[in-house]
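Comments concern the structure below.
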Amino acid sequence: MDQSRPRRYAGFQACDPCRRRKVRCNGQQRCQQCAHLDLRCTYTDNQGARSRKSAVRRGTLISEYKSLATKKRKIEPTQLCSSLGTGPVSPPDLSVPLSTAFLHDLIPKYMLYVYPFHPVMTSDGIRESISKMDTDRDHAAFVYAFTGVTIDLTQSNIVASHVSEEIRDLTQRAVELRTPLLPGVRPSILRTVTSVYIQMCYMSLGEYDLGYFYLREAISLLHLLRIDDKSLMATLDLPERSRRQRLYWLCFIHERFMSVVHFTPSTLSPYTEFPEDDPALGAGITQGWTQVIKTFLLLEPTFISLWIGDRAQVTVSWVEQKHRELDDELWELEVSLLTDMQQADLVVTRQWMRTLLWQMAMSNCLLSSHASCPSLSLEMPLRLSNQLRQFLTKISQNTIQIHGSSIVSKLLEIVNTIADVVIHGPVVGLEETSSRIDDIVFMKNVIFTFRNLQEVSKRILVEKMLLIRERFAHVQVAAELVWEA
């Protein structure tokens, strides 16, 4: 053979990793499979290596090559976020596994800011997955998804593109690492939560179709887990039974939210009961989580079908009934006993639902300037904006931002509705007009602090600011509006 000629990597001549894993190799100097999995791509002429006897499991080989690469490079990723509210330092090199120290440093942030609203995977469960991620791909996938969600929610206020890219890379790793669900393999809580976290990351990145896909996957896994089978659930101990019930409600809440924001159908019925009390969860988290469930139960099938379907079926009596359900004094008392972080989520969600109800009444021309029911009043959104502003001024920005893309969607719906009323509503006095516009400016400034505010949403809001400025050029706060936008 002429040694002066470059080596030809024929399709049948697989590299060592592909040959040992029995997968197709494209024969390039660094083949597609090795580039995709970040393996060291080598070629030998060892005939014995081609036999089926010498083949090893794919996961073993990937771990082996990853371990070798890590030892050679000895690169340690740096911590992304030292504390909530401070800027990130250099991101980790995602071409190597995340360091154990970095992952363990994320757990307290997760337990403080993520777990109260997704109370399924505990700190012990996360530590177990971290310990197994080098040998189990599903545990590794969960760790990457957990990392992506925690960074996303604790850095919602970091307006920097590299944070989104880190989350995108972490999410992609989580998707790629999971093992396929094959015959004989049962789904797990771990895999279901991984799907939910992947969905959350994609929603934050504006990849709504992918978010919908992975939420549907999580719901499919729920059915396979048979959480709605009472006889099966009765065989489990209380902590595990309660955890699975919370997982069901978590998927229910995510699906109802997705139905409203992205006009997708809902398939999950409410679970037969609230999650059983688990003392290990803590009273504060239990009470807050129960209030979240109660709030999303208001988005019942009729509400969803009217929102995404024929709003001509919306009636005055139905609007009045929903208004009474949303205007519950007992709810306000119970929520006032929760933490600021829990209150932020619940109060904004209720105001968002009131806004949706008002929009449905408006769509069917049911509004009146003299309506006895506030949800049928032309000025209802303006009252909501004033109430919401009073609440938001009492809490810190971090308390709002920790809820990520979901609260951004709700705030956008509210402020866009308020802006439409100001633009198209009847003219009022100068002082009242200034107050209304000032409320919009306040809300807009809150929304613009979020990293995951999508450009399309931002552009729509800015265009409305321009319309307000044009219509109310004589009002000082309106004249300055565009510069702030």
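Brief remarks follow.
- Over all pairs of different C-alpha atoms in the range 171-311, the reciprocal of the mean inverse distance, the Kirkwood hydrodynamic radius, equals 16.2 Å.
- On the range 349-439, 50 percent of the accessible area sits on carbon and sulfur atoms, based on a 1.4 Å probe.
- Taking other residues whose beta carbon is less than 10 angstrom from the beta carbon of GLY425, and scoring Lys, Arg as +1 and Asp, Glu as -1, yields -1.
- With a cut-off of 11 Å between beta carbons, the residues surrounding THR171 carry a summed charge of -4, where Lys and Arg count +1 and Asp and Glu -1.
- Under 13 Å, Cβ to Cβ, from GLN351 - net charge with Lys/Arg +1 and Asp/Glu -1: 0
- Measuring against 26 Å, Cα to Cα, the residue pairs LYS230/LYS294; LYS109/LYS410; LYS322/LYS410; LYS322/LYS444 contain LYS322/LYS444 as the ones spanning a longer distance.
- Expressed as a fraction of 2.2 N^0.38 Å, the value expected for a compact globular protein of N residues, the C-alpha radius of gyration of the range 314-456 is 1.05.
- Relative contact order of the range 221-365, pairs being alpha-carbon contacts under 8 Å that are 6 or more residues apart, as %: 23
- Rolling a 1.4 Å probe across all protein chains gives ARG451 an accessible area of roughly 30 Å².
- With N the number of residues in the range 287-387, Rg(Cα) / (2.2 N^0.38 Å) evaluates to 1.09.
The values are calculated or read from the model by the stated rules, or taken from the named source; none is laboratory data. The structure presented is a predicted model; accordingly, all values stated were derived computationally and were not measured. No Cβ is skipped: glycine too gets one built from the backbone with ideal geometry, and neighbour counts run over all protein chains shown. What goes into the accessible areas is simple: the full protein's heavy atoms, side chains included, and nothing from ligands, DNA or RNA. Shrake-Rupley method; radii C 1.70, N 1.55, O 1.52, S 1.80 Å.
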